[in-house]
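One structure below.
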Amino acid sequence: MRCSALLLSLLFCGAVHAQQDAPPDLAFDRPGIGFAASTLPRGGIALEAGLPSFSRDRDDAGVLSTQYSADITLRVGLAEHLELQAFTSPWNHLRVAPRDAPAERSSGAGDVGVGLKVALPLSSETHAVALLASTTFATGSRDFSEGATQYALGASYEYDFNDRWTGALYANVTRGGSEDSVTWAPSVSFAATETVSTYLEVGFTDTHGEPSTRIAGAGVTWMVAPTVQLDASIDVGLDDDSPDTQAGLGISVYFQ
């Protein structure tokens, strides 16, 4: 919990001092299943964090699992159309409550990962495509680790219908450990004002040897300053094998 409090303090202090103008095409990767089809400008830095995220699920045996996670992603613009990312969840708390039995609790850090994001140079202003290759290392606590190094390749495509409506399609392939998975997610977003946007999304994941999962959700973002974004989101499971509820609040801050 102390790590989470320190993380929030750093983010809010950064938000107070991040008063410079943002680049005109600034887009944060959170919230939502996918990521923005753009990169930070060279020398730009962004911190994006959950405050925290929440997940709740009851399985067929009646076991209720509730988890809170404070995730954070650091993005650094290396060159035009290229950025470096580092991500982890320094604080997690899990409560597992079997039916007619005492609940068990555990806390710890999650795995650490790094990635490279490339925005493809396109001549069209209405289309955008970005690729994100990442590696996640099994450095986390037992209950919050994948248990093996994982490799992922994701792609995000965005199309601007007009000044207010944008459609997106996200796809990701993850390999490593005993589970290989494929995720894809279409979404649509609406700019309600110059600072407030909303979105709707659905996500589908197929994992080798495991049941497929389907979720649907929505979210809202608010640019409280040119370089500071607040967000809120919620997803619900569409079948018995998917998490019942996933929700979260977040903050993203850009530094130049």
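Every residue in segment 197-256 that is surrounded by fewer than 19 Cβ atoms within 10 Å (Cβ to Cβ) and among the small types (Gly, Ala, Ser), please. Within segment 197-256, Gly209, Ser212, Ala216, Ala218, Ala225, Ala232, Gly237, Ala247 qualify.
Within segment 99-124, the residues that satisfy the criterion of being in contact with an Asp or Glu (Cβ under 8 Å, 6 or more places away or on another chain), surrounded by fewer than 17 Cβ atoms within 10 Å (Cβ to Cβ) and under 28 Å from Ser65 (Cα atoms) are Ser106, Gly108.
Identify all residues within segment 20-67 that are open to solvent by 30 Å² or more (accessible area, probe 1.4 Å), of a type outside the set (S, T, N, Q) and touching a helix residue (DSSP H, G or I) at 6+ places or on another chain (Cβ under 9 Å); write none if there are none. Answer for segment 20-67, where residues must be open to solvent by 30 Å² or more (accessible area, probe 1.4 Å), of a type outside the set (S, T, N, Q) and touching a helix residue (DSSP H, G or I) at 6+ places or on another chain (Cβ under 9 Å): Leu47, Leu51, Pro52.
Look at Ala216 and say whether it is over 26 Å from Tyr254 (Cα atoms) and either part of a strand (DSSP E or B) or of a type in the set (Lys, Arg) (or both). For Ala216, the condition - over 26 Å from Tyr254 (Cα atoms) and either part of a strand (DSSP E or B) or of a type in the set (Lys, Arg) (or both) - is met. Only one of Phe161, Phe190 is open to solvent by 50 Å² or more (accessible area, probe 1.4 Å) and under 22 Å from Ser233 (Cα atoms). Can you tell me which? Just a single option satisfies the conditions, and that option is Phe190.
In segment 197-212, is there at least one residue being more than 19 Å from the chain's Cα centre (by Cα) and small (Gly, Ala, Ser)? Yes: segment 197-212 contains one or more residues that are more than 19 Å from the chain's Cα centre (by Cα) and small (Gly, Ala, Ser).
The condition of being out of contact with any Cys (no Cβ under 9 Å at 6 or more places or on another chain), assigned to a loop (DSSP other than H, G, I, E, B) and farther than 20 Å from Gly50 by Cβ does not hold for Asp206. Scanning segment 172-188 for residues that are of a type in the set (Ser, Thr, Tyr) and touching a Gly at 6+ places or on another chain (Cβ under 8 Å) returns Ser178, Thr183, Ser187.
The values are calculated or read from the model by the stated rules, or taken from the named source; none is laboratory data. Note that the structure is a prediction, hence the values are computed from the model and not measured. Here Cβ is always computed from backbone atoms with ideal geometry, including for glycine, and neighbour counts include all displayed protein chains. Just so you know, the surface numbers come from the protein's heavy atoms only, side chains and all, with ligands and any DNA or RNA stripped out. Shrake-Rupley method; radii C 1.70, N 1.55, O 1.52, S 1.80 Å.
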